[in-house]
Amino acid sequence: MSHTYKQRSQKKESFSTRTIIKGLLWTVLGFSLTAFASIIVFYYYISEDLPKIQSLADYNPPAISTVHADDMTVIAEFYKERRKVIPLSDMPDLLKKAFVAAEDSRFYSHQGIDLISIVRAFLKNLEAGEIVQGGSTITQQVTKSFLLTPERSFMRKFKEAILAYRITKSFSKDEILYLYLNQIYLGHGAYGVEAASENYFGKSAIDLNLAECAILAGLPQAPSRYSPFRHADKAKQRQMYVLTRMIAEGYITDADAEQANRQSLDVKPRRNLFIEKMPFYTEHVRRYLEARYGPDILYTGGLKIHTAVNITMQEAAQEEIDSGLRELDKRQGYRGPVKQIRLDEIESFSTSMLKELEDQSFLPGVILTGVVTDVNNGQQVAMVRVGNILGAISLSDMKWARKPNPEIGYQSASVKKVGDVLKPGDVVLVKVKGAQANASDRFSFSLEQTPKVQSAILCVETGTGQVKTMVGGRDFRDSQFNRAIQSRRQPGSAFKPLIYAAAIDRGYTPATIMLDSPIEFQDDETDPVWKPRNYDRKFYGRVLFRHALEKSLNVVTVKILQDIGVDYAINYAKKMGVSSPIERNLSISLGSSGVSLLEMVTAYSVFANQGELIQPVFITRIEDRNGKVLEENAIQKESVMDKRTAYIMTSLLEGVVKNGTGRRVLALNRPVAGKTGTTSNLNDAWFIGFTPQYVTGVWIGFDDENSLGKGETGSAAAIPIWLGYMKRILADKPATIFPVPEGIVFVKIDSDTGMLKGPDSTHVIFECFKEGTAPVAVASPPDTQLAPEPGELFKSDI
């Protein structure tokens, strides 16, 4: 009985257990089916608005637009994201392995999501007490970067996982790695490994060594935290982590890692090409591109802009402007120290200057900021401290530092003693001359100051119109105003050749006799009287047309304009490339209407190009990111002047150099033609000159149009810069002569009469004429020649 009861009890218990287990199983199955169904529903729900991964096949990220000089050197970059897309084949194998080892060691085996790596990263971070390893795969990072927002939410992570899986199924591992290594942000504005390699190491990615590869591969997690610029120690620690991971994955040996760890890294901030190279030129290009193609294409389109600028010539121009302006500025006197500090502040001031001096060397010619610590009038020397370096300025290196007085001019007396210029506590600019002979740890300095005067220079290649050089001011960092293009200043006598050329086409010849005598004009409306005068306040009577230009005679030029007509002269100037408005009055003969340096150089280039106006070319070609040519500037020529007129003007301007205001240019020791320009009150100084190869113009003046000071003419102020520049750019080029066109004849004439050389001629010159216009008979003696009255020959048509 009890045995039967036991059996029944056991059967009952067994039935209950089975029932419970079955119930639990059905419950679990129900929950599982529900969960699975929910996941399926959720999957399809969030899949409805997922981005299409096919867009990754057309990878077209924002790219850098680069500006190139005539030798293909990159001189500027325009971008929103500094990225250079390169194929995997242009990346070293070690670089790819470094990123895979550090970011996703199972990259080649998982299907876009790696649960093992997620767990491993969690444990590593827990052990370190900070985030040292991420759990996202490279594929997930690609997904987040290209297809999703950076928001942190479970919904975004679900989408990321789905998309990462789909990407793995649709793209090869190399295609995914290509996207990743070109897209990832690596700090300091660099996107992708190529831009980062240039940023940190100044080289292309293909040239990176193992140590450098490991530095870059350590950056994705926190580019700012591991920046080798700002946090070298942390970057080094991160580098070691990457090397350790590469050892663990079998990519490198312990010996490789040890060698890479010991290798010193030449990490330096990327130079700002736009500012350092040729900012005025590239800013002009940037303005054009933005106006033509729009900012979006300019900053993200990856354009390749080829320009005409020559780096060597541009650097020469910048250096000659700096040198010329400093010399001019010194002739105007010393304006005083940068500032004055108390003696007890010298130590703290010098200490604060140390950081500024980190990238400075004490090479001869470098200009630095220092503070005067002692003045010794007995030994005529001032001691100056630059950071922790001591140096001395002798009296001979500050004799220029008289008190400014524009009315006296640069010929005024120099200072007599050091104490007249400096005193302890003066913060001054000094130029390094070199180490002192008797103390290698001390330097010799000369006193400097930053010029206030401005200058511009522009050089165009003859025959092509290519603008090889353009500098629009002393320092782009101080002022972005481009005085070579944007400024309109009075050209003074530099405008006269345009009037003379117009006169030659109206029948004048170099031998035409002109009368340099007083003349006056009265305005019937305002009743003022204008009496044009020559610069030296003299009148020369009968002069040849040639000599009038050589001596830059104002009165003769006014009379010529009066004869040929103002309207004719204005139209003639416009044909030569002057686009600025020209006032309709006789004073334009003396350069009273404002023009740009570019216009003046363009006008003179007509002489050099044998009568052809060739439009200035800054940009030679523009390509899109795929190499398609968007714009190509061929030479645009237009014949605007008789070739013979152009040659005669060239000959006349050669005479200006040989016998007139441009004599300083003879130091070039080769055929050269040109004309100075100096405005009233000495506000502007010009020299526009040309050789058979180049046409170059220089302008100098103050932005506020103050006087340059006594004696600062085009010859004194502008020619030194022009000459220094031209000597440098022509140093390796052979001297050539100006070509003579057909229809030009050369005749010996009497320079007193303008007629053929006679037996009694005492002053004879060899003159050029258009065929058929040369004198054919000997003139009567000068005292029997009747010079036409101004009213007869120079009759106004306005």
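The values are calculated or read from the model by the stated rules, or taken from the named source; none is laboratory data. Values in this document were obtained by computation on a predicted structure and should not be read as measured data. In this analysis, Cβ positions are derived from the backbone assuming ideal geometry, glycine residues included, and neighbour counts consider all displayed protein chains. Side chains included, ligands, DNA and RNA excluded: accessible areas come from the protein's heavy atoms. Shrake-Rupley method; radii C 1.70, N 1.55, O 1.52, S 1.80 Å.
In segment 336-386, what residues are among the small types (G, A, S), assigned to a loop (DSSP other than H, G, I, E, B), more than 17 Å from G434 (Cβ to Cβ) and open to solvent by 40 Å² or more (accessible area, probe 1.4 Å)?
G378
What's the total number of residues in segment 658-675 that are open to solvent by less than 30 Å² (accessible area, probe 1.4 Å), closer than 10 Å to I719 by Cβ and in a helix (DSSP H, G or I)?
Here the count works out to 1.
Which of the following residues is out of contact with any strand residue (DSSP E or B) (no Cβ under 9 Å at 6 or more places or on another chain), over 22 Å from E654 (Cα atoms), of a type outside the set (F, W, Y) and at pLDDT below 95: D567, D475, D523? Walk me through how you get there before you give the answer.
Working: D567 fails: at pLDDT below 95; D523 fails: out of contact with any strand residue (DSSP E or B) (no Cβ under 9 Å at 6 or more places or on another chain).
The match here is D475.
Can you name the number of the only condition in (1) under 24 Å from A718 (Cα atoms); (2) basic (K, R); (3) assigned to a loop (DSSP other than H, G, I, E, B) that R546 fails?
With (1) under 24 Å from A718 (Cα atoms); (2) basic (K, R); (3) assigned to a loop (DSSP other than H, G, I, E, B) applied to R546, the lone miss is (3).
Out of everything in segment 325-353 that is over 29 Å from V453 (Cα atoms) and small (G, A, S), what residue ends up being farthest from the chain's Cα centre (by Cα)?
S348
Kindly provide the set of residues from segment 375-393 that are under 19 Å from K416 (Cβ atoms) and either touching a strand residue (DSSP E or B) at 6+ places or on another chain (Cβ under 8 Å) or free of Cβ contacts under 8 Å to residues at least 40 places away in the same chain (or both), ordered by number.
Listed by number, the residues that qualify are V375, N376, G378, Q379, Q380, V381, A382, A392, I393.
Is there a residue being among the small types (G, A, S) and either more than 30 Å from E654 (Cβ to Cβ) or not in a loop (DSSP other than H, G, I, E, B) (or both) anywhere in segment 505-512?
Scanning segment 505-512 turns up no residue that is among the small types (G, A, S) and either more than 30 Å from E654 (Cβ to Cβ) or not in a loop (DSSP other than H, G, I, E, B) (or both).
Here are P734, P720: which of them is assigned to a helix (DSSP H, G or I), more than 25 Å from A503 (Cβ to Cβ) and either hydrophobic (A, V, I, L, M, F, W, C) or open to solvent by 20 Å² or more (accessible area, probe 1.4 Å) (or both)?
P720
Which residues, taken from segment 741-775, are within 22 Å of R644 (Cβ to Cβ), among the aliphatic types (A, V, I, L, M) and open to solvent by 60 Å² or more (accessible area, probe 1.4 Å)?
M755
Take segment 541-571 and flag every residue that is of a type in the set (G, A, S) and open to solvent by 10 Å² or more (accessible area, probe 1.4 Å).
Listed by number, the residues that qualify are G541, S552.
Among all residue pairs at least 6 apart or on different chains, which show Cβ distances below 8 Å where the first residue, located in segment 189-204, is in contact (Cβ under 8 Å) with a residue 12 or more places away in the chain and under 10 Å from K268 (Cα atoms) and the second is of a type in the set (F, W, Y) and open to solvent by 10 Å² or more (accessible area, probe 1.4 Å)?
The qualifying pairs are Y200/F229.
Does V432 fit the bill of being open to solvent by less than 10 Å² (accessible area, probe 1.4 Å), in contact with a helix residue (DSSP H, G or I) (Cβ under 8 Å, 6 or more places away or on another chain) and modelled with pLDDT under 95?
It is false that V432 is open to solvent by less than 10 Å² (accessible area, probe 1.4 Å), in contact with a helix residue (DSSP H, G or I) (Cβ under 8 Å, 6 or more places away or on another chain) and modelled with pLDDT under 95.
Look through segment 99-116, keep the residues that are within 12 Å of L177 (Cβ to Cβ) and of a type outside the set (D, E, K, R), and return whichever of them is nearest to the chain's Cα centre (by Cα).
The extreme case among them is F99.
If I filter segment 678-699 for residues that are of a type in the set (D, E) and on the phi > 0 side of the Ramachandran plot, do I get at least one hit?
no
If D516 meets every condition in (1) open to solvent by 20 Å² or more (accessible area, probe 1.4 Å); (2) at pLDDT below 95 apart from one, which number is that one?
(1)
Let me confirm something: among D322, D374, which residue is farther than 20 Å from P451 by Cα and either at pLDDT 90 or above or of a type in the set (D, E, K, R) (or both)?
From the options D322, D374, the qualifying one is D374.
If a residue must be open to solvent by 10 Å² or more (accessible area, probe 1.4 Å) and not acidic (D, E), how many such residues does segment 461-472 contain? Steps first, answer last, please.
First, the residues of segment 461-472 that are open to solvent by 10 Å² or more (accessible area, probe 1.4 Å): 461-464, 466, 468.
Checking which are not acidic (D, E) leaves us with 462-464, 466, 468.
Total satisfying the criteria: 5.
Suppose we keep only residues that are hydrophobic (A, V, I, L, M, F, W, C) and open to solvent by 50 Å² or more (accessible area, probe 1.4 Å) within segment 614-643. Which one would you say is nearest to A501 (Cα to Cα)?
I635
Do we find a residue being assigned to a strand (DSSP E or B), at pLDDT 90 or above and open to solvent by 20 Å² or more (accessible area, probe 1.4 Å) anywhere in segment 387-394?
Yes; the residues of segment 387-394 include at least one that is assigned to a strand (DSSP E or B), at pLDDT 90 or above and open to solvent by 20 Å² or more (accessible area, probe 1.4 Å).
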